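Structure first, then comments.
The values are calculated or read from the model by the stated rules, or taken from the named source; none is laboratory data. Everything numeric here is computed off the predicted structure, so don't read it as measured data. Positions of Cβ are backbone-derived with ideal geometry, glycine not excepted, and every protein chain shown enters the neighbour counts.
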Amino acid sequence: MTHRVNNKAPELWFLTGSQHLYGDETLEKVARNSQQIAASLDSSGKLPAKVVWKPVLTGPDAILNVCLAASAAPECAGVITWMHTFSPAKMWIAGLTRLQKPLAHLHTQFNRELPWGEIDMDFMNLNQSAHGDREYGFIVARLRLNRTIVVGHWQDPEAVDELASWGRAALGLAESRQLKIARFGGMNMREVAVTGGDRVEAQIQLGWSINGYGVGDLVGPIAEVSDAAVDRLMKEYEASYVLASPLQRGAERHESLRYAARQEIAMRAFLEAGGFGAFTTTFEDMHGWKQIPGLACQRLMADGYGFGAEGDWKTAALVRLGKVMTAGRPGGVSFMEDYTYHLVKGKERILGAHMLEVCPSIADGADGKPSLEIHPLDIGGMGDPARLVFDARPGPAVNTTLVDMGGRMRMIVAELDVVKADHPMPKLPTARAVWIPRPDFKRGAQGWIEAGGAHHAAFCQAVTAHEWETFAGMVGLEAIRLGADLDLRALRNELRWNDAAFRLAR
């Protein structure tokens, strides 16, 4: 499931500030230079969307018009601004106060080096980013607008990477503002606190349209899936996975796998027809279904859909946004749950899994194809479900969760290191990941609990904590980051100060 905004490929607009004071010759140079920077960024292969250069801005009317156009253009995911010369900041007030897209301030300079022996006032008049960006930066701070500031020469890899990270968060926001979430069963699990939340507030702040649908809406479509469609999907299963012997053609559980294929086909059709980007299920409301849709959920996630178990629409949305923000990077994004611990002193580990629904995008390819298996599931009173079983690939990752604190949402992002399991787990019939929180198990787990983190998370191998923080800033979410520098005393103070600040803001 690719990311498009109203069926248009996303763009990042490049705006350059100047003024008429310097004359046509200087402005022509400004235009050529800014076009070169925009083209270089676009051709770097690092930014997640096409960089589109816009004509140099020299007055308040032009600035207002381009900001209004950016806000109205569905394909514009964000705006990159740079002041080549001095650009009086009062000119930017009308435009910036109406801009409804993420804003990046690239503080750079066209030339990398000063021409020490040749520098004159013509050079000085043209290359004024050093104080032009300060004038512009003041007005953005005065207006109290959220923005990302990237400092460095436009050809420096570090600066390009920082701008690319902002661009990924901007794509996440563009998706967030159009995201539709289907809740099959339309309920949270009974008595569970953390998976609930204010869905109206989520739509106001984040753009998510969250609606419930009876599982009966899928019972008929599942039964109506043609045998030919199931046959085609079965061939795909056989080519993509190692089928356990009971699921192979002619074996005793083959029909269970065919039913899982019917679930996948019907659910995919429902989501596509409704324009949904994410969905939830619950094993307490499956009336009319023969088995919980484990394999279907795994494969739909692998194709880009967000998913949350037990009615967890917040995590379903984060999984979808994480998949959009990866924008072609290696690594995957999955629904995940902290399940159980290994508490041997000095070797503490967290085993993450779920009953069925872990996305194969995080599978360790070194282990070969995921195994497609069928096992009993005591929860839910349903038939034995098919599911993919695999281990997650080792390496850095983050767990991201969103919790409703009553009056506001809090995003918690925990950095972690995925490791190989110490021993095989041949009797565990689920996909899984083993990780060590940063800075260590004790502080990582305590920090998550202090902040009120949920037991569900979006597990991301290809989205960084910084990118999640940037996204949170764009939408005004409180963001708590737990990483290598975690200090629990400082965290407690941060939580208190944030609570006071958000209460005052209300």
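Quick look at the values:
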item: Counted residues, segment 235-261 - those being under 13 Å from residue 299 (Cα atoms) and surrounded by 15 or more Cβ atoms within 10 Å (Cβ to Cβ); result: 5
item: Residue among 106, 145 that is buried (at least 21 other Cβ atoms within 10 Å of the Cβ) and either charged (D, E, K, R) or at pLDDT 95 or above (or both); result: 106
item: Near pairs, Cβ below 7 angstrom, 6+ apart or cross-chain, from segment 212-226 (in contact (Cβ under 8 Å) with a residue 12 or more places away in the chain and surrounded by 16 or more Cβ atoms within 10 Å (Cβ to Cβ)) to any residue that is assigned to a helix (DSSP H, G or I) and of a type in the set (D, E, K, R); result: 222/262; 225/262
item: Matching residues in segment 71-90 - criterion: being surrounded by 23 or more Cβ atoms within 10 Å (Cβ to Cβ) and either under 30 Å from the mean Cα position of the chain (by Cα) or under 14 Å from residue 14 (Cβ atoms) (or both); result: 76, 77, 78, 79, 80, 81, 82, 83, 84
item: Count - residues of segment 149-195 that are buried (at least 20 other Cβ atoms within 10 Å of the Cβ), in contact with a strand residue (DSSP E or B) (Cβ under 6 Å, 6 or more places away or on another chain), over 30 Å from residue 288 (Cα atoms) and not aromatic (Phe, Trp, Tyr); result: 7
item: Residues of segment 26-54 satisfying the condition of being farther than 21 Å from residue 74 by Cβ and in contact with a helix residue (DSSP H, G or I) (Cβ under 9 Å, 6 or more places away or on another chain); result: 26, 27, 29, 30, 33, 40, 41, 44, 46
item: Residue that is farthest from residue 242 (Cα to Cα) [pool: residues in segment 395-451 that are of a type in the set (D, E, K, R) and in contact with a helix residue (DSSP H, G or I) (Cβ under 9 Å, 6 or more places away or on another chain)]; result: 408
item: Condition check for residue 275: of a type outside the set (Lys, Arg), touching a helix residue (DSSP H, G or I) at 6+ places or on another chain (Cβ under 7 Å), farther than 16 Å from residue 185 by Cα and modelled with pLDDT of 95 or more; result: no
item: Answer residue from segment 4-26, given it is modelled with pLDDT of 95 or more and not in a loop (DSSP other than H, G, I, E, B) and is nearest to residue 128 (Cα to Cα) among those; result: 17
item: Qualifying residue in segment 278-294 (condition: crowded, with 18+ Cβ neighbours inside 10 Å and either in contact with a Cys (Cβ under 7 Å, 6 or more places away or on another chain) or in a helix (DSSP H, G or I) (or both)); result: yes
item: Sole residue being surrounded by fewer than 21 Cβ atoms within 10 Å (Cβ to Cβ) and aliphatic (A, V, I, L, M), chosen from 431, 421, 392, 363; result: 421
item: Residue among 321, 343 that is at pLDDT 95 or above, crowded, with 16+ Cβ neighbours inside 10 Å and either among the acidic types (Asp, Glu) or over 24 Å from residue 291 (Cα atoms) (or both); result: 321
item: Residue in segment 33-40 that is part of a helix (DSSP H, G or I) and closer than 15 Å to residue 11 by Cβ present; result: yes
item: Odd one out for residue 329 among (1) basic (Lys, Arg); (2) within 26 Å of the chain's Cα centre (by Cα); (3) modelled with pLDDT of 95 or more; result: (3)
item: Top-ranked residue of segment 44-67 - restricted to ones that are under 26 Å from the mean Cα position of the chain (by Cα) and outside any strand (DSSP E or B), ranked as surrounded by the fewest Cβ atoms within 10 Å (Cβ to Cβ); result: 45
item: Those residues of segment 449-486 which are assigned to a helix (DSSP H, G or I) and over 19 Å from residue 334 (Cα atoms), in sequence order; result: 449, 450, 470, 472, 473, 474, 475
item: Filtered residue count, segment 109-123, keeping only those that are among the charged types (D, E, K, R) and surrounded by 10 or more Cβ atoms within 10 Å (Cβ to Cβ); result: 2
item: Conditions (1) assigned to a helix (DSSP H, G or I); (2) over 24 Å from residue 405 (Cα atoms); (3) touching a residue at least 60 places away in the same chain (Cβ under 8 Å); number of the one not met by residue 162; result: (3)
item: From 197, 172, 117, residue being closer than 20 Å to residue 404 by Cβ and assigned to a loop (DSSP other than H, G, I, E, B); result: 197
item: Only one of 497, 448 that is surrounded by 15 or more Cβ atoms within 10 Å (Cβ to Cβ), modelled with pLDDT of 95 or more and either in contact with a Cys (Cβ under 6 Å, 6 or more places away or on another chain) or outside the structural domain of residue 101 (by TED's automatic domain parsing) (or both); result: 448
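Each row is one residue, and each column tells you yes or no for (1) at pLDDT 95 or above; (2) in a loop (DSSP other than H, G, I, E, B).
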residue	(1), (2)
81	yes, no
87	no, yes
90	yes, no
97	yes, no
122	no, no
131	no, no
136	yes, no
149	yes, no
